[in-house]
Amino acid sequence: MNRREFLETIAVAPVVLPALNGQASADEWGSPVFDLHFHLRPQPTANVAHLDGAGVTRANLLTRGPVLDQLKALEAAAPRRFTWFSSYDVTRPDVEQTLTQAVKSGAQGFGEMKFHVAADGPELRRMYALAADLRVPILIHFQEVDHVPNEGTWSTGFAKTFESILRAYPKTTFIGHADAFWANVSADYHDDAVYPTGAVKRGGVTDRWLGDYPNLFGDMSAVSANTAITRDPEFTADFLTRHQDKLLFGSDCSCRDGRGAGYDNPAAPRMKGRCVARETLSVLKRSASPAAFQKIVWGNAQRLLRIPT
Ligand SMILES: [Zn+2]
Ligand SMILES: [Zn+2]
């Protein structure tokens, strides 16, 4: 090979960055990224694969039940890349004791809370009070419409009752998530669709309460949040500006590699084979100012979870 051929070869060679144990992808989005909503996977490598593939720096693991051994293995495999929330059946009598112990063991919040109870019922009210006592946020899945027959609904009554909860528990930090939370950015939602589309009717309760209540935050994970910020671009730009201090990026993605492998949500055919993290980060990146983007994908979570830098 002469010199000219050599130069041509290196000019077209792909630039392969060495894997720097979690640092390699930190700059893909122009900001470090924190995934607030990542369900713990059994194998340490499966967790790291999704973060690395999607360009995510750190993630908050949503767990249920005893997981300390799994968390230790993951921390050993990927130090300082994970925080965790804990959840437990809210109808069981030992729930307060179990979640208190989880926080003593290092859990930084409750979640996700996804149970077939009313959002203003006695089971979740006990959790709201406990979260305030322990000074940790509580992340709640709100859903009024089945995805599959007989699925049942989760933390029901959001639009009708949750304002009374926000008022009754001012010291509790609430993080809203899922279908009913995000469908209610629009004032015309009547618990009739899983992922409503089309122009947003201004004045939905989620939009209003994020503005009115300092104790309410929004988890931008899953197809629900992705739908809310893709259905009406004009709304999205205003919404992200308005609530840039109250929104937290999350994925809730089940794809294997952070690039969409194996993702298939029957209620959202448009997302098949796509990574929810990548899709939502792309929308946020093009819809928010650089400063607002940085808050939503990183800064707000660091502050809310009091993560040391
Ligand atoms: Zn959920
Ligand atoms: Zn993914």
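Quick note: the coordinates plus some simple rules give every number you see, no bench work behind them. All values reported here derive from a predicted model rather than from experimental measurement. When we count neighbours, we look across all protein chains shown, and the Cβ atoms used for this are built from the backbone with ideal geometry, even at glycine.
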Cross-link reach from Lys246 to aspartates and glutamates, straight Cα distance under 13 Å and at least 8 residues apart if same chain, gives Asp207, Asp212, Asp219
Taking alpha-carbon centroids only, the stretch 69-98 lies from the stretch 25-48 a number of Å equal to 17
Ordered by fewest other Cβ atoms within 10 Å, a rough proxy for footprinting exposure, Arg167, Arg278, Arg41 read Arg167, Arg41, Arg278
Most exposed first, judged by fewest Cβ atoms within 10 angstrom, Lys72, Lys285 run Lys72, Lys285
Rounded to whole angstrom, the alpha-carbon centroid of the stretch 123-153 lies from that of the stretch 217-260 at a distance of 19
With 0.36 nm assigned to each residue of separation and the Cα-Cα distance removed, Thr100 to Ala46 gains 16.6 nm
With -39,500 (n - 2.57) per DSSP H segment of 4 or more residues and division by the full residue count of the chain, the 222 nm estimate, nearest 500 deg cm²/dmol, is -10500 deg cm²/dmol
Whole-Hz Karplus couplings 3J(HN,Hα) for the stretch 198-204, θ = phi - 60° and coefficients 6.51, -1.76, 1.60, Gly and Pro as x, run x, 4, 7, 7, 4, x, x
1/(1 + (r/R0)^6) with r = Cβ-Cβ of Val145 and Ser254, R0 = 25 Å, i.e. FRET efficiency to nearest 0.05, evaluates to 0.80
Percent relative contact order for the chain, counting Cα pairs under 8 Å at least six residues apart, stands at 16
Karplus-derived 3J(HN,Hα) from phi for the stretch 222-229 (6.51 cos²θ - 1.76 cosθ + 1.60, θ = phi - 60°), whole Hz, x at Gly and Pro, runs 6, 5, 4, 6, 4, 5, 4, 9
Excluding residues fewer than 8 positions from Lys104 in its own chain, the lysines with Cα under 21 Å of it are Lys72, Lys171
Connecting every pair of Cα atoms under 10 Å apart in the chain and solving the GNM, the largest mean-square fluctuation among Ser221, Ser155, Ser105 falls on Ser105
